1. For segment 67-84, which residues satisfy the criterion of being of a type in the set (A, V, I, L, M, F, W, C) and over 15 Å from residue 117 (Cα atoms)?
2. When you look at residue 32, is it under 12 Å from the mean Cα position of the chain (by Cα) and modelled with pLDDT of 95 or more, yes or no?
3. Scan segment 72-105 residue by residue and report those that are part of a loop (DSSP other than H, G, I, E, B) and of a type in the set (A, V, I, L, M).
4. What are the pairs with Cβ atoms under 8 angstrom where one residue, in segment 9-29, is surrounded by fewer than 18 Cβ atoms within 10 Å (Cβ to Cβ) and the other, located anywhere, is in a helix (DSSP H, G or I) and not hydroxyl-bearing (Ser, Thr, Tyr)? Sequence gap at least six, or different chains.
5. Does residue 102 count as among the β-branched types (Val, Ile, Thr) and touching a Pro at 6+ places or on another chain (Cβ under 7 Å)?
6. Going through 75, 84, 116, 104 one at a time, which residue ends up being more than 20 Å from residue 18 (Cα to Cα), in contact (Cβ under 8 Å) with a residue 24 or more places away in the chain and surrounded by fewer than 19 Cβ atoms within 10 Å (Cβ to Cβ)?
7. Considering only residues that are at pLDDT 95 or above and not in a helix (DSSP H, G or I), look in segment 113-130 and name the one that is farthest from the chain's Cα centre (by Cα).
8. Among the residues of segment 87-101 satisfying the criterion of being of a type in the set (A, V, I, L, M) and touching a strand residue (DSSP E or B) at 6+ places or on another chain (Cβ under 6 Å), which is surrounded by the fewest Cβ atoms within 10 Å (Cβ to Cβ)?
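The values are calculated or read from the model by the stated rules, or taken from the named source; none is laboratory data. Bear in mind that the values here come from a model prediction, so they are computed numbers and not experimental data. Note that each Cβ is placed from the backbone with ideal geometry, even for glycine, and that neighbours are counted across all protein chains shown.
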Amino acid sequence: MNNIYIFGRSIGTTVAIHTAQKKKLAGLILVTLLTSGKDMAKATGLGIVSFVAGLSFRNIDKIHNISCPVLVIHGTNDQVIPYGMGVEIYNKLQTKKRMVTIRGARHNNISSSFSGSYWMPISDFITYGI
C-alpha cells in the first residue's frame, strides 16, 4: 500500500480519513475538510440542533490515527466549510504534513478558478512527497 494515495474533498474527507486510519499509505490528500458534523451544524447556524449530528463525521477524533504524509488544501473564502476547520485538523496531525492555503478560494471554485494553486501542489505531493 506504499504506492496508494487517498483523496477526499468536503464530506468525502470523512471517508478518506476513516479509511486511512492506521494504514501505511503513500499519502492522504484532504481538500476543504471539516472537523465534525456537530461543528458543521454550528458553523451553518444550526447550533441549536447540533445534538442531532451526535458523533457523526468526527474527523477531529480520528486524525491522530493517521501516520502517512498528508496534504491539506483549503480556501480562505470557503462559504461551506470554514477555513478554520482545515487549519484545526492540520494542527492536530502528528505526521509529515503540508497545508496549502488558497487565498480567496471558495468551496466550489477552488479547483477551477484557482487551478494552478490547487493542482500543482497535488502533483508535487504525489511526485515528490512532502
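1. 68, 70, 80, 81
2. So residue 32 fits the description; yes.
3. Residues satisfying the conditions are 80, 81, 93, 105.
4. 18/62; 21/62; 21/65; 22/65; 26/126
5. No; evaluated as a whole, the condition is false for this residue.
6. 104
7. 113
8. Only one residue tops the list, namely 99.
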